[in-house]
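Down below is the structure, laid out as structure tokens.
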Amino acid sequence: FREAVKDYLSDWCNENGYDLYTDGLKIYTTIDTRMQKYAEEAAWEQMEQLQKKFNNHWGNVNPWQDERHQEIPNFIENIAKRQPVYKYLEKHFNGNKDSIDYYLNLPHPVKLFSYNGTYETEMSTLDSIRYMEHFMHCGFVAIEPQTGHVKAWVGDLDFNTWKYDKVTAMRQPGSTFKLFVYTEAMNQGLTPCDRRMDSFFSMKVWDNEKKKEVIWAPTNANGYFTDYNMTLKSAFAQSINSVAVRVGQEVGIDRIIETAHKMGIKSPLHNTPSLALGASDVNLEELVNAYATVANNGRSHATILVTRILDRDGNEIYKSHEEDDEAIPYRSAFYMQQMLMAAMREPGGTSMNMWRYVRNYTD
């Protein structure tokens with residue numbers, strides 16, 4: 001979070017002539033230390049369980065495989081080439097591959113992360129990369145919908161081991177992007193009770209790699225279609241891909257992009273049918289902030305990390321702007337709130353585990 005605050009204030013400091021580290025600034029942030037502690041504990045607990053499942057699934061097989069389950073050649077070596085140690089060896093030995101490979105495979109003392117605590121051992125650079133590439137990662141951010149204030153920020157499991165922030169990392173959002181597909185449907189007058197078919201269909205799409213039109217057919221995660229004319233609420237709750245793509249084509253991908261940007265997505269989005277299934281990269285911060293727009297009855301906020309700054313003499317030199325805007329109509333926001341609750345409460349809902357947790361917690 002401190003690194004995020006530094007990035008958040010970088011432009012402001014440059015524009016106003018302040019040094020973040022030496023000018024004695026008193027910076028008031030939005031973080032809630034109790035929520036931050038809970039978020040770190042929750043991330044650790046959840047990821048430790050997922051890591052065990054991951055390890056049990058892969059066993060002694062390396063997980064860096066392609067879609068045909070073939071190990072990707074030189075995957076570890078290519079990661080090594082991006083490391084400072086490789087650049088040092090390359091310069092020191094004038095690019096001599098044999099010398100570089102020798103030292104990359106030479107055991108030396110290293111510190112490694114584990115869920116039982118960091119430990120020291122002897123391992124080569126390539127082996128340590130192999131070890132670290134078996135870990136799953138996560139990001140966690142909590143944003144107050146009514147203000148845009150960030151209350152908790154977990155960039156990964158251990159900052160000393162992984163400094164690459166997963167909250168701001170660009171990743172495909174997958175089915176979480178369906179929120180924007182159905183929000184635009186509500187904007188255009190549909191309701192959660194309207195029905196669409198869960199059945200096979202295909203369409204022609206442009207393939208940038210092949211430079212030609214190809215036939216694309218969305219599939220469901222469970223591997224089959226029900227051929228049932230289901231309500232949009234049920235389709236959203238169960239994350240049915242075929243219905244999401246149908247609705248995306250019906251309301252228009254360009255309109256979905258416009259709505260997503262109004263709700264808080266800042267990243268560029270590609271106008272393709274697969275966008276309905278989350279094929280364009282976004283980051284977790286903007287995704288959570290966009291979801292907060294629904295929780296805030298359709299009004300959006302910019303994400304706020306810092307509320308005010310005082311100089312060394314106690315003068316206020318910065319105050320956050322906390323205006324909100326209507327991103328979507330209240331009607332659409334209300335319907336999407338019902339859709340999100342359906343994902344927790346309806347049979348087959350993808351968020352039912354969350355609902356069980358909430359009920360157990362409140363009991």
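The values are calculated or read from the model by the stated rules, or taken from the named source; none is laboratory data. Source: prediction; values computed, not measured. Note that we place each Cβ from the backbone using ideal geometry, even for glycine, and neighbour counts take in every protein chain shown. Accessible surface areas use protein heavy atoms only, side chains included; no ligands, DNA or RNA. Shrake-Rupley method; radii C 1.70, N 1.55, O 1.52, S 1.80 Å.
Take Cys193: with every protein chain present and a 1.4 Å probe, its accessible area is about 100 Å². Treating each Cα of the range 253-363 as an identical point scatterer and summing with the Debye formula, the log10 of I(q)/I(0) at q = 0.15, 0.23 Å⁻¹ comes to -0.83, -1.27. Maximal additional length on extending the Lys211-Asn229 stretch stands at 2.9 nm, based on 0.36 nm per residue less the C-alpha distance. Over the range 99-166, the alpha carbon radius of gyration divided by the compact-protein estimate 2.2 N^0.38 Å works out to 1.55. Considering all different alpha carbon pairs of the chain, the Kirkwood hydrodynamic radius works out to 23.7 Å. In a DSSP loop and with at most 16 other Cβ atoms within 10 Å, the trypsin sites (Lys or Arg not before Pro) in the range 96-176 are Lys163. Counting protein heavy atoms only, the range 172-238 has 49 percent of its accessible area on carbon and sulfur, 1.4 angstrom probe. Close amide H contacts of Thr29 (hydrogens built in the peptide plane, cut-off under 5 Å, sequence separation of 5 or more or a different chain): Thr307. Need the C-alpha centroid separation for the range 281-348 versus the range 137-195, integer Å. Going from one Cα centre to the other spans 10 Å. The mean sequence separation of alpha-carbon pairs under 8 Å and at least six residues apart, normalised by the residue count of the range 243-363, gives a relative contact order of 19 percent. Across the range 110-202, Cα pairs under 8 Å and at least six residues apart give a relative contact order of 15 percent.
Would you work out the relative contact order for the chain, in percent, from Cα pairs under 8 angstrom that are 6 or more residues apart? Relative contact order here is 19 percent.
Ligands, DNA and RNA left out, the 1.4 Å accessible surface of the range 77-128 is 49% carbon and sulfur atoms. Based on DSSP H segments of at least four residues, each scored -39500 (n - 2.57), the chain has a per-residue ellipticity at 222 nm of -12500 deg cm²/dmol. Straight-line cross-link reach from Lys6 at under 12 Å between alpha-carbon atoms covers these aspartates and glutamates, not counting any fewer than eight positions away in the same chain: Asp19.
Working note: Cα gyration tensor of the range 128-183, eigenvalues times five, square-rooted, sorted largest first, giving semi-axes of 27, 17, 7 Å.
Per residue, the range 27-112 exposes 76 Å² of accessible surface when a 1.4 Å probe is rolled over the protein heavy atoms with every protein chain present. Charge dipole of the chain (Cα centre as origin; +1 on each Lys and Arg Cβ, -1 on each Asp and Glu Cβ, all else neutral): 800 debye, rounded to the nearest 20.
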